[in-house]
Each structure stands twice: as structure tokens, then as C-alpha cells.
Amino acid sequence: MNLDTMQKSATDAYDWLVEHYPNKKVVVIGHSYGSGMAAYLASQKKCAALVLMAAYRDVSDLYNKIIPIFWGPAKVFISNNMKVDQYAKNVVCPTYIIGSTSDKTLSANLQKNVAVHFKQSELRIFDNVHHENYFTQEVVHYIQTKVID
């Protein structure tokens, strides 16, 4: 997989979905690394809403939590960089950015920095949601009531 094939897979899946379910609204959800592809898809296709949990501006935000060397010019060494901050310019649907004060990988502060790139964004920061477990009852309830209903 590379960036081109991931993007093609995402848009192909979207096209299949709207062909088989033409009267349904499409809500795109991405978590962590997947938030990049979700933002890309929402920038290319018509979506009712975009939900990003533990998002990043570009992949260096994530990689730098593992090996903090991808700053400034060193970002050129990242292949398949998903640039959420750039995709955001073409997203026209309402966007919900979800973070947590307990997320030590992609912080609540970073979520604030992500949200400013979207035209229609709502930021929701939870407590006690860890990076690997965003699908808690509280977060799912928020998505159901704010986005789905």
C-alpha cells in the first residue's frame, strides 16, 4: 500500500457505497492514522459529516511521538504523508474533532490545532479516553447524538 492506492481504495469504497445505498447519508469517521484517509475522502467526495478522533495535521505529528526527528526539512523523509491540514481546505461538510486529555499519543492540544484548519469544525475534548480506546460509550453517544441523529 502507498498513498495513491490508499486514496483509490477509499474513493472506490465510497463510490460502491453510494451506488448501493443512494438515499443514505455518508458519515466518514477516522481514528489516529485513519483520520488522514478520512479527511482525504471528505475532501474529495460529498459527505454528510466528518468525524476525526485523535487526528493530526500531517503524519509527522504522529511519527514524532514515536521518534521525534521529523521536524522542518526532515519531513521530506516521510513517505505517504497524509496532510490533514491541506485536505481540510476542501472539506465542506461539518467536521467533528474529538480528542481527550488522557490521550498521550495525539494530545487534546493538538486536536485544537487540527480543528482550526476546517471551515465548519466542532471540537470536543473528553477526559479519561485513551488513544487506543476512543470507542467508549461516552464518545459513541456523542457521535450518535451530534452527528448521526
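The values are calculated or read from the model by the stated rules, or taken from the named source; none is laboratory data. All of these numbers come straight from a predicted model, not from anything done at the bench. Positions of Cβ are backbone-derived with ideal geometry, glycine not excepted, and every protein chain shown enters the neighbour counts. Ligands, DNA and RNA are stripped out before the accessible areas are found, and what is left, the full protein with its side chains, is counted by its heavy atoms. Shrake-Rupley method; radii C 1.70, N 1.55, O 1.52, S 1.80 Å.
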*Take His130 and decide whether it is in contact with an Asp or Glu (Cβ under 6 Å, 6 or more places away or on another chain) and part of a loop (DSSP other than H, G, I, E, B).*
no
_Filtered residues of the range 1-50 (kept if assigned to a loop (DSSP other than H, G, I, E, B), closer than 22 Å to Tyr63 by Cβ and open to solvent by less than 60 Å² (accessible area, probe 1.4 Å))_ = Ser32
*Which residue pairs have Cβ atoms closer than 7 Å, lie 6 or more positions apart in sequence or on different chains, and pair a first residue in the range 122-143 that is touching a residue at least 60 places away in the same chain (Cβ under 8 Å) with a second residue that is part of a loop (DSSP other than H, G, I, E, B)?*
His131/Ser32; His131/Ala54; His131/Asp103; His131/Lys104; His131/Thr105; His131/Leu106; Tyr134/Ala54; Val139/Val129
*Of the numbered conditions (1) in a helix (DSSP H, G or I); (2) surrounded by fewer than 22 Cβ atoms within 10 Å (Cβ to Cβ); (3) in contact with a Leu (Cβ under 8 Å, 6 or more places away or on another chain); (4) touching a residue at least 24 places away in the same chain (Cβ under 8 Å), Lys112 fails exactly one; give the number of that condition.*
(4)
*Residue within the range 72-86 that is within 20 Å of Thr105 (Cβ to Cβ), of a type in the set (Ser, Thr, Tyr), touching a residue at least 40 places away in the same chain (Cβ under 8 Å) and not in a helix (DSSP H, G or I) present*: no
*Only residues that are crowded, with 16+ Cβ neighbours inside 10 Å and of a type in the set (Ser, Thr, Tyr): list them for the range 71-104, please.*
Tyr87, Thr95, Tyr96, Ser100
*Report, by residue number, each residue of the range 40-54 that is of a type in the set (A, V, I, L, M, F, W, C) and out of contact with any Asp or Glu (no Cβ under 8 Å at 6 or more places or on another chain).*
Leu41, Ala42, Cys47, Ala48, Ala49, Leu50, Val51, Leu52, Met53
